[in-house]
Amino acid sequence: MTTALTHAVLPESDIPTHWYNIVPDLPTAPPPPLHPGTKQPLQAEDLTPLFPMALIEQEVSTERWIEIPGPVRDLLRLWRPSPLSRARRLEEAIGTTARIYYKYEGASPVGSHKTNSAVAQAYANAQAGIKKLSTETGAGQWGSALAFATQAFGMECEVFQVRSTYDSKPYRHVLMETFGATVHSSPSELTNAGRALRERFPDTPGSLGMAISEAVEVAAMSDDTNYSLGSVLNHVLLHQTVIGLEALKQHAMFGEQAPDHLFACAGGGSNLGGIAIPYVRENLEGRASTHIVACEPKAAPSLTQGEYRYDFGDTSGMTPLLKMYTLGADFVPDPVHAGGLRYHGMAPLISHLYSEQLIDAVAIGQLEAFDAGVLFARAEGIVPASESNHAIAGALREARKATEEGTSPVILIGVSGSGQLDLPAYQEFLAGRMADS
Ligand SMILES: Cc1ncc(COP(=O)(O)O)c(C=O)c1O
């Protein structure tokens with residue numbers, strides 16, 4: 001039985017006190033990252049030039065629950081708990097028999113889930129005495145989140161933004177600069193990696209893999225600078241589990257059991273991991289049988305078309321080797337508008353869940369994604385991020401199928417961000433000028 005509730009709003013006291021680490025609960029251990037030189041499992045000290053020990057410990061932890069430090073929780077209070085809403089008007093708009101819910105992360109200070117990990121990473125680095133963080137950004141959401149978080153802890157931030165979105169989303173770098181960050185279009189002339197990539201790929205639209213190479217190089221060259229990654233690694237997925245932990249409670253407020261289907265977009269995998277990993281635990285422990293679907297872009301379909309093997313996390317081969325579904329480290333995706341999904345690989349933890357058939361995946365084209373995003377915006381009054389549109393499109397496929405079959409499943413969508421700064425993409429779509437991918 002459902003109630004007439006539309007938004008399930010939790011009190012601040014329900015912000016999770018601990019992140020959930022699924023590693024100890026998995027039936028098989030995920031393959032470890034390898035040192036690119038020795039090809040042996042990576043040791044903690046291999047990562048110290050880039051990350052503080054607190055994050056390295058989280059990266060390799062086998063503890064089920066990891067306490068969220070007080071100062072991080074204090075910042076999370078600015079936007080958490082995020083709402084979980086019943087998309088009644090969307091249900092009506094498509095005339096579905098399904099019950100559709102969405103967890104909206106776009107109300108965070110910079111407009112996406114990325115802030116959940118940015119504040120945790122900035123805090124751990126500040127505690128270790130680090131003065132500056134360097135990073136990559138695809139859509140500009142991660143860069144904005146880290147720019148906000150670093151200044152909150154008195155640090156500097158240098159961001160390499162993928163060229164295609166630097167040009168197509170000009171307000172994103174203004175947002176980062178507003179928070180005090182320095183932003184470069186990547187590949188740039190400022191790093192050895194950037195110069196080599198510009199020579200190898202003239203006129204490239206750039207990619208997350210390239211921007212990572214540049215940001216890693218900047219951190220490796222300086223003792224007081226660390227590197228910060230917006231996705232892919234275990235500790236980033238860990239920080240995002242606050243999303244799913246809250247959603248579990250909010251679903252109960254609606255009088256619902258766990259959802260039958262969960263759709264979340266996946267670039268490097270942190271948003272998907274954040275909302276889905278607590279539900280994977282529910283499934284493993286027999287409390288639910290939620291069908292979890294990673295929605296990736298057709299332009300970078302790492303799970304549905306990639307190979308499961310060790311590969312570099314960046315284009316220049318500077319990172320450890322990660323066992324993941326990959327399209328190849330030098331694969332440059334078409335410059336689709338969902339810049340945050342243009343990544344050649346997928347988080348090792350998400351790759352492991354996929355290879356163990358604990359989650360499913362689907363590839364969605366850009367036109368179908370924006371069609372779904374516009375429908376969602378008109379019904380719910382929220383313009384979703386280009387990335388989030390992929391999850392909405394996946395959910396709409398399922399809702400329409402349910403209507404045809406006369407079933408009424410519960411569908412949960414992870415709406416990872418706001419699309420207010422993606423309006424040039426919406427403009428292109430509405431004018432009929434957007435190419436499919
Ligand atoms: C709004 C939004 N959703 C999703 C993503 C994809 O990243 P991830 O797979 O790490 O969640 C991004 C990346 O920039 C993003 O900005």
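Here are a few things to note about the model shown:
- Rg ratio (alpha-carbon, reference 2.2 N^0.38 Å) - region 185-268: 1.63
- Rg over Rh, two decimals, region 206-335 (C-alpha only, Kirkwood Rh): 1.04
- Here the simple spin-label model places points 7 Å from the Cα toward Cβ, and for Thr407 and Arg77 these points are separated by 4.4 nm.
- Student exercise, region 389-435 dipole from Lys, Arg, Asp, Glu Cβ charges, in Debye to nearest 20: 40
- DSSP-defined beta bridges in region 293-437 - what % are antiparallel, rounded to 5: 60
- Contact order for region 194-335, expressed relative to its length and based on alpha carbon pairs under 8 Å spaced 6+ residues apart, stands at 24 percent.
- Region 101-140 and region 183-247 have Cα centres separated by 13 Å.
- Rel. contact order, % - alpha carbon contacts under 8 angstrom, at least six apart, the chain: 19
- Within the shell of other residues whose beta carbon sits under 13 angstrom from the beta carbon of Phe201, the net charge comes to +1, with Lys and Arg scored +1 and Asp and Glu -1.
- Whole-number Å³ per residue for the convex hull built on Cα positions in region 1-76: 171
- When the convex hull of its Cα atoms is projected in every direction, mean area for region 64-149 (nm²): 8.0
- The listed peptides 120-127, 81-88, 198-205, ordered by packing as a protection proxy, come out as 120-127, 81-88, 198-205 (highest mean of other Cβ atoms within 10 Å first).
- The alpha carbon gyration tensor of region 310-437 gives principal lengths a ≥ b ≥ c with a/c of 1.5 or higher and a/b no greater than b/c, which makes the shape oblate.
- Selection from Ile100, Gln121, Gly111 lying farthest towards where the dipole of region 32-141 points positive, charges on Cβ: Ile100
- When the Cα positions of Leu349, Asn271, Gly417 are compared along the charge dipole of the chain, Gly417 comes out farthest toward the positive end, with charges on each C-beta of Lys, Arg, Asp and Glu.
- Here region 285-437 is assigned +1 on the Cβ of each Lys and Arg and -1 on the Cβ of each Asp and Glu. Its dipole about the Cα centre then comes out at about 120 debye.
- C-alpha center-to-center spacing [region 392-430, region 22-66] in angstrom: 35
- Net charge of Cβ neighbours under 13 Å - reference Glu105; Lys, Arg +1; Asp, Glu -1: +1
- Seen from Asn125, the other residues with C-beta closer than 15 Å to its C-beta sum to a net charge of -4, counting Lys and Arg as +1 and Asp and Glu as -1.
- Evaluated at q = 0.13 Å⁻¹, a Debye calculation over the C-alpha positions of the chain (equal weights, vacuum) places log10 I(q)/I(0) at -1.09.
- Inter-label distance for Thr62 and His35, nm, one decimal - labels placed 7 Å from Cα along Cα-to-Cβ: 2.1
- Peptides ranked, highest mean first, by Cβ atoms within 10 Å: ranges 274-281, 289-296, 40-47: 274-281, 289-296, 40-47
- Charged side chains reduced to their Cβ positions (Lys and Arg at +1, Asp and Glu at -1) give the chain a dipole of some 600 debye around its Cα centre.
- Backbone phi angles across region 54-66, fed through the Karplus curve with coefficients 6.51, -1.76 and 1.60 (θ = phi - 60°), yield HN-Hα couplings of 4, 6, 5, 4, 5, 4, 10, 5, 10, 6, 5, 10, 10 Hz in residue order; Gly and Pro are listed as x.
- Surface/4 estimate of mean projected area, convex hull on alpha-carbon atoms of region 108-236, nm²: 7.1
Values in this text are rule-based calculations from the coordinates and carry no lab data. Quick caveat: nothing in here was measured; it's all calculated off a predicted structure. No Cβ is skipped: glycine too gets one built from the backbone with ideal geometry, and neighbour counts run over all protein chains shown.
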